[in-house]
Every structure is written in C-alpha cells, then in structure tokens.
Amino acid sequence: MALPIEDYAIIGDCHTAALVGRDGSIDWLCLPRFDSASTFGALLGTEKHGRWLLAPTAPDARASRSYLDDTFLLVTRWESPEGVVEVVDAMLPGAGHRSVVRRIRGVSGRVRMRQELAIRFDYADALPWMRQAPEHAAPGGFAVVGVAGPDAVIVRGPAMKASNHFHESLFEVAEGEEVDIVLTWFQSHHRPPAPVDVAASLKETADWWRAWSRETDLPAPYEREVRRSLLVLRALTHQETGGIVAAATTSLPEQFGGSRNWDYRYTWIRDASLTLAALMLHGYEDEAGQWRRWLLRAIAGDPADIQTMYGLSGERRLPESELNSLPGYNGSSPVRVGNDAAGQFQADIFGELMIALREARRIGVDEDEFSWPLQRALLGFLEQNWQRPDNGIWEIRGPQVPFTHSRAMVWAAFACGVEAVHQYGLDGPADRWAEIRDAIRDEIETKGFDATRNTFVQHYGSTEVDASLLLLAQIGFVAPDDPRMLGTVAAIEQDLLHEGLLLRYRTESGVDGLAGGEHPFLACSFWLVQQYAHSGRLDDALELMDLLVSLANDVGLLSEEYDVAGARQVGNTPQAFSHLALVRAADAIASAIGSSAVDSSAVNS
C-alpha cells in the first residue's frame, strides 16, 4: 500500500524524477523521461509493482529528512537503537545515462540496513531477466543487471540475493563508513555504462542546483517557500528539450476511490506559459529563450492545429488509455496513460501563451525570425475562432460552452498583440486587433456578468461562479478593486470556499460531465491570496497564505489539491500549477507590503 502523498519527496535530474517515501522506498520512477513507462510503480499499487527500499532493519527506527540547502539532494536521517545513519538520495543531471545514487553514511553506532529491489519495467507489465554482472561491478563491489525489452538497469552496491523476483541485501554501516548504491538505466542493446564516481557526482549535482538557485531574485516574505517552488519548477523542466511537465506523476486521484485520475506528465501550453512567466519575473531569462524555442518546434505549422498539451519533445499524439497492470493509488482506478484533453479546444491557452511571450519581450528577449510571425498567425486564427465555445481551463469533458475566463484570455491575447505593435514597433493589424479586443470586452460585460448578484459568471447563460474568474484582475481585464471584481470575489467566497480553501467550481452543477467530486484546488486558493493582496485585504492575504504554505509537506512540496477533512494532500505531485501560484501569491504580498510601506511613509511625512 502506498504512503500518503505528502510522505513523498522527489529527487530529479531535469529528465525525470523519483518519488522517495518517508519509509526509504522509491515507489515511483519512470526511465528515461518523465513520460516514460515506470520502472518503480508501487505508488500505483504495491511493492509487487516495483520499488527500491533502503532503510534500517530496526522496526522502531525514526526518519527525518530535508533537502541539502538549495538542491534536490534528499538527506534522510535514520535514528535507531543501534545508532544513526544518513541516506543521501540524488539523481545526476546532465546528458547521458540516468542514474540514481543512494549513499549511506554512518553517523554513530553500527546500523543494520536492508535493501529490497524490485525492478518492474513497462508499468509493471515486464518482469526483467536479472543476472549478476561481476565484470561490470565497481572495484571490490557487486553488480546486478536487469533487462526487459528495450530497457535495462545496472545496480552497483552491496551483494544481493534473489528470492521470488525480488533482490535483497542486508549490511551494516558503522560510524564514519560510507556505502554507495547506484542504479543506472541504459538501452538494453548497449553495454552497461561505467561506474560513476559517487563523491564527485554528488558534489557536481549539488553545485549545479546551487548555481541555478543563486540566479534568482526573491521576495522577502516567504523567501524559503518561493525558492523551493522555483526549484520545483526547474526540476519539472526537461533539460534537453525545454518542455515543462505539469507534474511528475500520473493517476494520483482527485478524489480517493474515484475515477478523476489523469496523466500529468506532459507539457500543457497553459501551465508551461504560466511557469515561464513566474521564472522570468525572478531573473531566469535563459529559460524563456529555451521554452520559446520548444514552443516554436511544437506548434510549427497551421495554428489551427495547436494543441492544449504536447509530449516533452513536442509529440502530438498522446492517446489516453487505461492500464491493467497497475491497480491504482490505494485502489483508486483507473490508472491512465496519455490524456485525451490534448484534443480539446481550450481558448484560454492563447492568452496565457501571448502573455508569456509579451513578458519575454519586456525583459529583453528579442523576437527572432519565427517568434513574431508565429504570434501573428495565432492571432489570425483567433480572429476567425474566438467566438467558438470551448472546454475551458479545467478541461471540461462535458459539452463545450463559452467560458467567461476563456473569453477574457482571448481578450488578453489581442491586447498583447496591440501592445506589441504600438510599443515595440512590430508589424501587425493593430487596429483590427483592437476592434476585436473591444468587442470581446463588450460581450463579456454583457453576457458574462450577472448584474443581479454583481458577479462575473462561469460561462454565458450560467449563474455559477468559477475560481478562474479571479484571473480577470490578474490579466488586467478589470482592476482588483473594481466593484464588479469585489462582487465576484464575494460570490466565490460564498459558493466555493470549503473550510478555508477554494474549490475550482461546484462539481454538482454537472458542467464537467464527470461523476463524483473533488477537493479544494491549491492554485485557486493562491489566486485568492493574490486578489486579496491587490485589493487592500493584506491581512486576509497573509492569513490565507500562511495556511497554504503550512499544507506543504516536510520538504516543501505541494500536490494539486488538499483534503481538509483528511488533512492530506490529493492529486498528482509535485504540481507545477500549485508551486507557480505560490510564487505569484508571494510576489503579490511583497508588492502590497511595499505599497503599504510607501503609503505609510508618505502619511508620516
């Protein structure tokens, strides 16, 4: 049985990521990429579906853990009656083979350790042929190779014995001793790669993360949480292609025991655009250029063919299927691979995309020969299609409707185009775009606003509200303190606040076409923090922000949703949307505090 979601930390190499449980078991790892089939799949089943356990044999051993400062080197400190050991878990960034390093350090006493290895390739559907490989072992060590189909791994470390398709070893670590275990993935038609220098590799990995982290500009409030969130966003960015995955996992449920289980290991245009904007605002210009190049490759061709999401290298075919080989997280089935939402029409992505590219211009990323023509082509497509109903930001699987948030994001797309022409001298039909922009505003204010309740509505013809309406102020469609926006906030608070946190929308309205419900969505609650901060409710912003950051696990990670009654995280993890929303909420609070300080000094003078 898998652990609670908050009991997992990640280690990653910006190609893929492993989930390491508080019990010392790696229960999820896809090799060689985020969206590859799992090698360890116990997260969505049991130990029979693949895991790598490393922990003291003492049943009463206690674990505490943290990341080594601004890195993704996970240090787990085990205290047992026999003594104390530390396990350092890391993945090694860079080109080449994917490697997981587990170094055990003896701190005091002599601790007996147990290693249990169960390799299960292809989502636990391919049991590998395992053999000892002394010719490939590190000097004085032991090695075992596992092969199935195109995949192979070599594990170097203490000697292991095989039993019923599991490999196990028992060994002791005394004070001052170090024991290294390294798992390396390689293509099965190749020879196993040479052993890595563990000490040098760990130092290089730590230095790599620290160098990246030092480049950022951080707001004073919530500096620690923002730094870790930016690191998470970097960890979810594929180093070679620039694709940004929404999360490292698939099928962690939005409702325990329910069927709202989706594969998030792909690059959403929306999530990637918002992630890019958050990174750019904190000094990461290189990422902006890399992601823009990814975008140009992914959506090259006819703008009418743009998808909501792509594979890490821009792959377009992401057919959704259900796996029989994995039973699901604590029985929550089905387990899905791929995502049919790739074929939906979600009009809001044009706005997020144009905003991100506008921010790139504003920080000095020059337009190249392809980037502006691409934006013109996208706006040309929108000119003919902006009135189409869509599936919306939440990827509704019910009938398409004209979502108010989607129309507002289309408004933002045309506003960005007009600005590019007028302020940056780029070529384009600014007058026509401005005319469409203004027509969209008029339509939203007429059809997307309920004057009786003084609130914008989820979609035309509805009286429901939606947390995505909070973004209308963030994109400048209305001011945060506009009476209509304040009325919308009041309606959202009344309808969607659930024990202090915000739901995306009322699932009982039936708009999403799915059975069952879900829990509060963390990004939405961070949006409410941002709205509070920008509309003069700083105390409310700080109170909600403090609550939200307290929901992160012991190493600062957030999933998609939160079960308030069960006091546990829900959904895929770590969730880029949650972490980028945390960053923007902290920025808003910093701005509000700064404005308050300026106002106070002006009054006092």
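The values are calculated or read from the model by the stated rules, or taken from the named source; none is laboratory data. The structure presented is a predicted model; accordingly, all values stated were derived computationally and were not measured. A quick note on method: Cβ atoms are made from the backbone with ideal geometry, for glycine too, and the neighbour counts reach across all protein chains shown.
Here is a check on your reading of the model: is THR205 in contact with a Leu (Cβ under 7 Å, 6 or more places away or on another chain), modelled with pLDDT under 95 and not in a strand (DSSP E or B)?
So THR205 fails the test.
Do we have GLN423 as part of a loop (DSSP other than H, G, I, E, B), of a type outside the set (Phe, Trp, Tyr) and in the same structural domain as LEU469 (by TED's automatic domain parsing) here?
no
If I filter the range 213-228 for residues that are surrounded by 24 or more Cβ atoms within 10 Å (Cβ to Cβ), over 20 Å from GLY556 (Cα atoms) and touching a helix residue (DSSP H, G or I) at 6+ places or on another chain (Cβ under 7 Å), do I get at least one hit?
no
This table checks each residue for (1) of a type in the set (A, V, I, L, M, F, W, C); (2) closer than 21 Å to TYR67 by Cα; (3) in contact with a Pro (Cβ under 9 Å, 6 or more places away or on another chain).
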position	(1), (2), (3)
VAL144	yes, no, no
ALA148	yes, no, yes
ILE154	yes, no, yes
GLU168	no, no, no
THR184	no, no, yes
TRP212	yes, yes, no
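Listed residues ALA490, ALA439, ALA523; which is in contact with a Ser or Thr (Cβ under 6 Å, 6 or more places away or on another chain), in a helix (DSSP H, G or I) and not aromatic (Phe, Trp, Tyr)?
ALA523
So which pairs qualify, if the first residue must be in the range 476-490 and without any contact (Cβ under 8 Å) to a residue 12 or more places away in the chain, the second must be aliphatic (A, V, I, L, M) and part of a helix (DSSP H, G or I), the Cβ gap must be under 8 Å, and the two must be at least 6 apart or on different chains?
That search, which allows pairs on different chains as well, returns VAL478/LEU472; VAL478/MET485; ALA479/ALA473; ALA479/MET485; ASP482/ALA473.
One line per residue, one yes/no per condition, for (1) touching a residue at least 40 places away in the same chain (Cβ under 8 Å); (2) more than 21 Å from the chain's Cα centre (by Cα); (3) over 18 Å from VAL226 (Cβ atoms):
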site	(1), (2), (3)
HIS534	yes, yes, no
ASP539	no, yes, yes
VAL570	yes, no, yes
PRO574	yes, no, no
ALA586	yes, no, no
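Provide a single number: the residues in the range 299-328 that are over 19 Å from ALA576 (Cα atoms), touching a residue at least 40 places away in the same chain (Cβ under 8 Å) and either part of a helix (DSSP H, G or I) or polar (S, T, N, Q) (or both).
Residues in the range 299-328 being over 19 Å from ALA576 (Cα atoms), touching a residue at least 40 places away in the same chain (Cβ under 8 Å) and either part of a helix (DSSP H, G or I) or polar (S, T, N, Q) (or both): 3 in total.
Show the residue pairs that are 6+ apart or on different chains and have beta-carbon atoms under 8 Å apart, the first residue being within the range 429-452 and farther than 14 Å from ALA413 by Cβ, the second being charged (D, E, K, R) and surrounded by 14 or more Cβ atoms within 10 Å (Cβ to Cβ).
Qualifying pairs under 8 Å: GLU443/ARG407; GLY448/ARG407; PHE449/ARG484.
Quick check on my filter: what residues within the range 354-394 are part of a helix (DSSP H, G or I), over 23 Å from MET280 (Cα atoms) and among the small types (Gly, Ala, Ser)?
Passing the criteria: ALA377, GLY380.
Give the number of residues within the range 1-23 that are touching a Pro at 6+ places or on another chain (Cβ under 8 Å) and either assigned to a loop (DSSP other than H, G, I, E, B) or at pLDDT below 95 (or both).
Summing the residues that are touching a Pro at 6+ places or on another chain (Cβ under 8 Å) and either assigned to a loop (DSSP other than H, G, I, E, B) or at pLDDT below 95 (or both) in the range 1-23 gives 4.
Being closer than 19 Å to ALA586 by Cβ and not assigned by TED's automatic domain parsing to the domain that holds ILE181 is true for just one of ALA235, ALA246. Which residue is that?
Exactly one residue qualifies, and that residue is ALA235.
Are any of the residues in the range 265-286 touching a Gly at 6+ places or on another chain (Cβ under 7 Å) and within 22 Å of LEU557 (Cα to Cα)?
yes
In the range 543-563, how many residues are assigned to a loop (DSSP other than H, G, I, E, B), hydrophobic (A, V, I, L, M, F, W, C) and buried (at least 21 other Cβ atoms within 10 Å of the Cβ)?
Result for the range 543-563: 3.
Any idea which of (1) touching a Phe, Trp or Tyr at 6+ places or on another chain (Cβ under 7 Å); (2) surrounded by 14 or more Cβ atoms within 10 Å (Cβ to Cβ) is the one GLU395 doesn't satisfy?
Checking GLU395 against (1) touching a Phe, Trp or Tyr at 6+ places or on another chain (Cβ under 7 Å); (2) surrounded by 14 or more Cβ atoms within 10 Å (Cβ to Cβ), the one that fails is (1).
Where in the range 25-78 are there strands (runs of 3 or more DSSP E), lying fully within it, with 1 or more residues that are at pLDDT 95 or above, hydroxyl-bearing (Ser, Thr, Tyr) and farther than 18 Å from VAL245 by Cβ?
Here the list reads 25-30, 62-67.
Among the residues of the range 76-92, write down those that are surrounded by 20 or more Cβ atoms within 10 Å (Cβ to Cβ), of a type in the set (A, V, I, L, M, F, W, C) and without any contact (Cβ under 8 Å) to a residue 60 or more places away in the chain.
Across the range 76-92, the qualifying residue is only TRP78.
Hey, ARG361 hits all of (1) loosely packed, with under 15 Cβ neighbours inside 10 Å; (2) of a type outside the set (Ser, Thr, Tyr); (3) more than 30 Å from LEU3 (Cβ to Cβ) but one; which does it fall short on?
(1)
One residue is enough: does the range 273-281 have a residue meeting the conditions outside any helix (DSSP H, G or I) and closer than 30 Å to LEU326 by Cβ?
Within the range 273-281, none of the residues are outside any helix (DSSP H, G or I) and closer than 30 Å to LEU326 by Cβ.
If we scan the range 459-473, do we find a residue that is more than 29 Å from ALA533 (Cα to Cα) and in contact with a helix residue (DSSP H, G or I) (Cβ under 7 Å, 6 or more places away or on another chain)?
No: the range 459-473 contains no residue that is more than 29 Å from ALA533 (Cα to Cα) and in contact with a helix residue (DSSP H, G or I) (Cβ under 7 Å, 6 or more places away or on another chain).
Name the residues in the range 244-272 that are of a type outside the set (S, T, N, Q), in a loop (DSSP other than H, G, I, E, B) and under 12 Å from the mean Cα position of the chain (by Cα), would you?
VAL245, ALA246, ALA247, ALA248, TYR264, ARG265, TYR266
Here are VAL529, VAL465: which of them is crowded, with 20+ Cβ neighbours inside 10 Å, over 30 Å from GLY594 (Cβ atoms), among the hydrophobic types (A, V, I, L, M, F, W, C) and assigned by TED's automatic domain parsing to the domain that holds GLU254?
Testing whether each residue is crowded, with 20+ Cβ neighbours inside 10 Å, over 30 Å from GLY594 (Cβ atoms), among the hydrophobic types (A, V, I, L, M, F, W, C) and assigned by TED's automatic domain parsing to the domain that holds GLU254 leaves just VAL465.
Condition first: modelled with pLDDT of 95 or more, of a type outside the set (S, T, N, Q) and over 25 Å from GLY283 (Cβ atoms). Now tell me which residues in the range 571-605 satisfy that.
Correct list: GLY571 only.
When you check SER321 against the structure, is it touching a Gly at 6+ places or on another chain (Cβ under 9 Å), surrounded by fewer than 19 Cβ atoms within 10 Å (Cβ to Cβ) and assigned by TED's automatic domain parsing to the domain that holds TYR505, yes or no?
Spelling it out, SER321 is indeed touching a Gly at 6+ places or on another chain (Cβ under 9 Å), surrounded by fewer than 19 Cβ atoms within 10 Å (Cβ to Cβ) and assigned by TED's automatic domain parsing to the domain that holds TYR505.
Name the residues in the range 65-98 that are among the polar types (S, T, N, Q) and under 24 Å from the mean Cα position of the chain (by Cα), would you?
Within the range 65-98, SER66, THR71, THR76 meet the criteria.
Does THR455 meet the test of being touching a helix residue (DSSP H, G or I) at 6+ places or on another chain (Cβ under 7 Å), free of Cβ contacts under 8 Å to residues at least 40 places away in the same chain and in the same structural domain as ASP481 (by TED's automatic domain parsing)?
It is true that THR455 is touching a helix residue (DSSP H, G or I) at 6+ places or on another chain (Cβ under 7 Å), free of Cβ contacts under 8 Å to residues at least 40 places away in the same chain and in the same structural domain as ASP481 (by TED's automatic domain parsing).
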